[in-house]
1. Are any of the residues in the range 88-101 crowded, with 18+ Cβ neighbours inside 10 Å, under 27 Å from SER176 (Cα atoms) and hydrophobic (A, V, I, L, M, F, W, C)?
2. Can you name every residue in the range 69-85 that is surrounded by fewer than 15 Cβ atoms within 10 Å (Cβ to Cβ) and in a strand (DSSP E or B)?
3. Give me the residue from the range 114-145 that is touching an Asp or Glu at 6+ places or on another chain (Cβ under 9 Å) and small (Gly, Ala, Ser) and, out of that set, nearest to ARG55 (Cα to Cα).
4. Among the residues of the range 134-146, what is the count of those that are assigned to a strand (DSSP E or B) and either aromatic (Phe, Trp, Tyr) or closer than 18 Å to GLU20 by Cβ (or both)?
5. Residue pairs, Cβ under 9 Å, 6 or more apart or interchain, first in the range 110-133 and part of a loop (DSSP other than H, G, I, E, B), second of a type in the set (Asp, Glu). List them.
6. Applying the selection to the range 35-59, what residues are buried (at least 20 other Cβ atoms within 10 Å of the Cβ) and hydrophobic (A, V, I, L, M, F, W, C)?
7. With the condition kept exactly as written, say whether any residue in the range 78-91 is in contact with a Phe, Trp or Tyr (Cβ under 7 Å, 6 or more places away or on another chain) and either at pLDDT below 95 or not hydroxyl-bearing (Ser, Thr, Tyr) (or both).
8. Kindly establish whether ALA66 is more than 25 Å from THR6 (Cα to Cα), touching a residue at least 24 places away in the same chain (Cβ under 8 Å), buried (at least 22 other Cβ atoms within 10 Å of the Cβ) and not basic (Lys, Arg).
Amino acid sequence: MSNPVTATNGAQFTGIATVEDAGLQGMITLRGDLSSKTLKAAVKAATGAEVPEQRKISVVEGGAAAWMSPDELLLLVPYGDAVAKTAELAQALKGEHALAANVSDARSFFSIAGEGAREVLAKIAPVDLSAEAFKPGDFRRSRTAQVAAAFWLQDDGSFRLVCFRSVGAYMFNLLSASAHPQSLVGVY
């Protein structure tokens, strides 16, 4: 049996911010009626977090729930728990119009930290990332250069970013180029 590894295997770059592979992260896509009491209870049981408001993420110790669309959440759980949590969600939502899928190994997960973290993302994402417009707990799905990604701001001022694993190396290189002190990424 092989050991799981990330697409960028612990890569790190430091420039105006530090970009790093955030490691293995359990991720579950949950589709369903986000107003359902049954779904809300299942999310709370799986992650410890509440179902968030639109374009928000609810983060608690050991878990999180992020708003992806009017009928979709991204649940974050410890990597080793993702298979069991997905099965628990499916059981808890039996009879509901819902789908829970473990997408942990289909995603890459990055951290962008440091004083220039906002600038790094602002160079590649068409989102107002000013301190007035984007606050801790805010969550966006957007394009970053040419690929889809989702990101949020942590309480400590760092960002977390999720993208498809198939573009994980590209995303790391893109973020690293954007974090380079002399980067022209995003300047036209």
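1. Taking the range 88-101 and keeping what is crowded, with 18+ Cβ neighbours inside 10 Å, we get 89, 92-93, 98, 100.
Filter again for under 27 Å from SER176 (Cα atoms), leaving none.
Taking every residue of the range 88-101 in turn, none turns out to be crowded, with 18+ Cβ neighbours inside 10 Å, under 27 Å from SER176 (Cα atoms) and hydrophobic (A, V, I, L, M, F, W, C).
2. Across the range 69-85, the qualifying residue is only SER69.
3. Here the residue is GLY137.
4. Quick first cut of the range 134-146, residues assigned to a strand (DSSP E or B) only: 138-144.
Still in the list and also either aromatic (Phe, Trp, Tyr) or closer than 18 Å to GLU20 by Cβ (or both): 139, 144.
Result for the range 134-146: 2.
5. These pairs meet every condition: LEU129/GLU119.
6. LEU39, ALA42, VAL43, ALA46, ALA49, VAL51, ILE57, VAL59 - these are the residues of the range 35-59 that are buried (at least 20 other Cβ atoms within 10 Å of the Cβ) and hydrophobic (A, V, I, L, M, F, W, C).
7. So in the range 78-91, the residues in contact with a Phe, Trp or Tyr (Cβ under 7 Å, 6 or more places away or on another chain) come out as none.
Scanning the range 78-91, I find no residue that is in contact with a Phe, Trp or Tyr (Cβ under 7 Å, 6 or more places away or on another chain) and either at pLDDT below 95 or not hydroxyl-bearing (Ser, Thr, Tyr) (or both), so the answer is no.
8. Values: more than 25 Å from THR6 (Cα to Cα): no; touching a residue at least 24 places away in the same chain (Cβ under 8 Å): yes; buried (at least 22 other Cβ atoms within 10 Å of the Cβ): yes; not basic (Lys, Arg): yes.
Considered against the rule, which asks whether it is more than 25 Å from THR6 (Cα to Cα), touching a residue at least 24 places away in the same chain (Cβ under 8 Å), buried (at least 22 other Cβ atoms within 10 Å of the Cβ) and not basic (Lys, Arg), ALA66 comes out as no.
The values are calculated or read from the model by the stated rules, or taken from the named source; none is laboratory data. The shown structure was predicted, so the numbers you read here are calculated from the model rather than taken from an experiment. When we count neighbours, we look across all protein chains shown, and the Cβ atoms used for this are built from the backbone with ideal geometry, even at glycine.
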